[in-house]
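Let me begin by presenting the structure, written as structure tokens, before commenting on it.
Readers should treat all values here as calculations from the given coordinates under stated rules, not as data from a laboratory. On a predicted model such as this, the values are computed, not experimentally measured, just so you know. Every residue, glycine among them, receives a Cβ derived from its backbone with ideal geometry; neighbour counts consider all protein chains shown.
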Amino acid sequence: MQTTGKPFRKKVMPDTPSTVGAVAVLEAAFDLVEQNLEYSTAAERDFELIFDHLFETYSDLGEDRITALERTAERVKSIRSTIDRLAETPFLGTLRPDFLPGLRFVRREQAAVWSLANSSDNKTFVAAIFFGAQDHIRKMLTRLLSD
């Protein structure tokens with residue numbers, strides 16, 4: 001899996017003072033990632049999917065676009081910060097060696113986080129993040145088989 005260190009910027013964000021502030025919050029959160037934690041390209045895309053889902057949900061529940069955007073940015077920042085802390089306990093979670101040796105998942109803030117930890121260099125690699133009540137086990141297996 002390829003990795004990326006670039007934060008994303010959503011198409012739903014017009015360049016207004018409020019949305020620029022929300023983007024800054026997200027980008028600041030992404031700059032705080034621990035050096036011993038790495039996200040796959042797929043995991044970065046998962047954050048985008050979570051962002052889109054939350055933004056749509058907040059909007060559907062009656063929030064105006066600016067408020068929905070700000071709430072979404074804060075929620076994604078919180079999820080990312082919680083996942084970043086997995087670097088402190090990299091071997092926590094349910095081990096799934098039947099999928100891939102060393103692969104495990106843990107639930108954090110309504111997200112199933114799939115990762116691999118390497119004890120020799122103390123690095124944790126986040127492979128996927130599935131939000132909400134998805135069948136994350138089936139989705140992870142599908143993702144692994146497609147790569």
Given backbone amide H placed at 1.01 Å from N, residues whose amide H is under 5 Å from that of A111, ignoring those fewer than 5 places away on the same chain, are G132
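Using the Kirkwood formula over every pair of different C-alpha atoms, what hydrodynamic radius in Å results for the stretch 67-142?
On the way: mean 1/r = 0.0762 Å⁻¹.
Radius from the Kirkwood sum: 13.1 Å.
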Karplus-derived 3J(HN,Hα) from phi for the stretch 57-63 (6.51 cos²θ - 1.76 cosθ + 1.60, θ = phi - 60°), whole Hz, x at Gly and Pro, runs 5, 4, 5, 5, 7, x, 6
Relative contact order as a percentage, the stretch 64-147, C-alpha pairs under 8 Å and 6+ apart, gives 19 percent
At 10 °C and 1.306 mPa s, the Stokes-Einstein diffusion coefficient in µm²/s for the stretch 17-146, with hydrodynamic radius from the Kirkwood sum on alpha carbon pairs, is 103 µm²/s
Which residues qualify? For L37, with a placed amide H closer than 5 Å and at least 5 residues away or on another chain, they are T124
The extension gain from R45 to R107, computed as 0.36 nm times the residue separation minus the Cα-Cα distance, is 20.5 nm
For E56 and N36, extending 7 Å from Cα along the Cα-Cβ vector and measuring point to point gives, in nm, a value of 3.8 nm
In nm, the gap between the two label points placed 7 Å beyond Cα toward Cβ at I137 and R85 is 2.7 nm
